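The values are calculated or read from the model by the stated rules, or taken from the named source; none is laboratory data. Computed from a prediction, not measured in an experiment: that's the story for all the values here. Cβ placement follows ideal geometry from the backbone for every residue including glycine, while neighbour counts extend to all protein chains displayed.
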């Protein structure tokens, strides 16, 4: 790989700002600037939080290119390039590689419900067709596909550039099993903000976060404190963030976090169908959570 990747930190699953139906690239710049100012380890455009299912190929490339250009190497960029069509995922990953991303994130195929053999073959095909480090994304609640620990071990035998897994099963025991089976061979990143501390305690290395879109410094601080051995402070700061983490899911992600970003002046109040803007009641919960954290007056 071109350069070493750091996984002992926090990565932001970046929202995709829209204005009148199109990408708002000026808002992308604001979001990236806010992440860098907050000291975030990396940015992940075109993931689920970035509404990847409703981005076309041209939009995805434009978004990734803008994030890279704005970041200017000041933070890592890991592009979401997964699909339930292996050929599409290969093309998207190759395109991201050509743009200069640091790594690609590959979600397990959704809707198709492949067997474990199918999941392994899917990852191997993408790996062998590209040169990027790969982060696998396992989120069964959204995909109806669950990559088993045994399958992950099999993948690592054949795919040396599979370097991390975003673990979003909601089960800390899964992290324990991965670490027990693979040690430091792959970095486990929490896919659930509320479980970050528990996953770190079980051998995980960081988080791919929704909340860090609006509170990058706070999310980053929890991970940094843990890795410095300041466990009491890490626990205190993590617990203080729990109400904000929970509020980010009062409706389907990314509705609440986009509402929060809008309240903070970072992004327009727009989301793409089939998702709709959060209700007034949900927006007020978001507002209250931001105020409680001192992020909004």
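The rows are residues; the columns are (1) at pLDDT below 95; (2) closer than 18 Å to residue 14 by Cα; (3) over 20 Å from the mean Cα position of the chain (by Cα).
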site: 153; (1), (2), (3): no, no, yes
site: 162; (1), (2), (3): no, no, no
site: 194; (1), (2), (3): no, yes, no
site: 212; (1), (2), (3): no, yes, no
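Do we have any residue at all in the stretch 218-228 that's closer than 24 Å to residue 195 by Cα and over 22 Å from the mean Cα position of the chain (by Cα)?
There is at least one residue in the stretch 218-228 that is closer than 24 Å to residue 195 by Cα and over 22 Å from the mean Cα position of the chain (by Cα).
(1) touching a strand residue (DSSP E or B) at 6+ places or on another chain (Cβ under 9 Å); (2) under 25 Å from residue 211 (Cα atoms); (3) at pLDDT 95 or above: which one isn't true of residue 142, the others all being true?
(3)
Which ranges mark the helices (runs of 4 or more DSSP H) fully within the stretch 88-196 that have 1 or more residues being touching a helix residue (DSSP H, G or I) at 6+ places or on another chain (Cβ under 8 Å)?
116-129, 149-158, 172-182
Residue 242 - would you say it is over 25 Å from residue 53 (Cα atoms), within 21 Å of the chain's Cα centre (by Cα) and either surrounded by fewer than 20 Cβ atoms within 10 Å (Cβ to Cβ) or free of Cβ contacts under 8 Å to residues at least 40 places away in the same chain (or both)?
Taking the combined requirement at face value, the residue satisfies it.
For the stretch 3-24, enumerate the residues that are assigned to a loop (DSSP other than H, G, I, E, B) and exposed (fewer than 14 other Cβ atoms within 10 Å of the Cβ).
Residues satisfying the conditions are 3, 4, 20, 21.
Given the residues 107, 123, 101, which is the only one that is in contact (Cβ under 8 Å) with a residue 40 or more places away in the chain and surrounded by 24 or more Cβ atoms within 10 Å (Cβ to Cβ)?
Exactly one of 107, 123, 101 is in contact (Cβ under 8 Å) with a residue 40 or more places away in the chain and surrounded by 24 or more Cβ atoms within 10 Å (Cβ to Cβ), namely 107.
Out of all the residues in the stretch 220-236, is one or more more than 28 Å from residue 105 (Cα to Cα) and modelled with pLDDT under 95?
No, because not a single residue in the stretch 220-236 is more than 28 Å from residue 105 (Cα to Cα) and modelled with pLDDT under 95.
Quick check on residue 69: is it buried (at least 21 other Cβ atoms within 10 Å of the Cβ), more than 15 Å from the chain's Cα centre (by Cα) and either free of Cβ contacts under 8 Å to residues at least 60 places away in the same chain or on the phi < 0 side of the Ramachandran plot (or both)?
The answer is no for residue 69.
Quickly run through the stretch 216-231 and pick out the residues that are in contact with a helix residue (DSSP H, G or I) (Cβ under 9 Å, 6 or more places away or on another chain) and either within 23 Å of residue 275 (Cα to Cα) or free of Cβ contacts under 8 Å to residues at least 24 places away in the same chain (or both).
Hits for the stretch 216-231 are 221, 225, 228, 230, 231.
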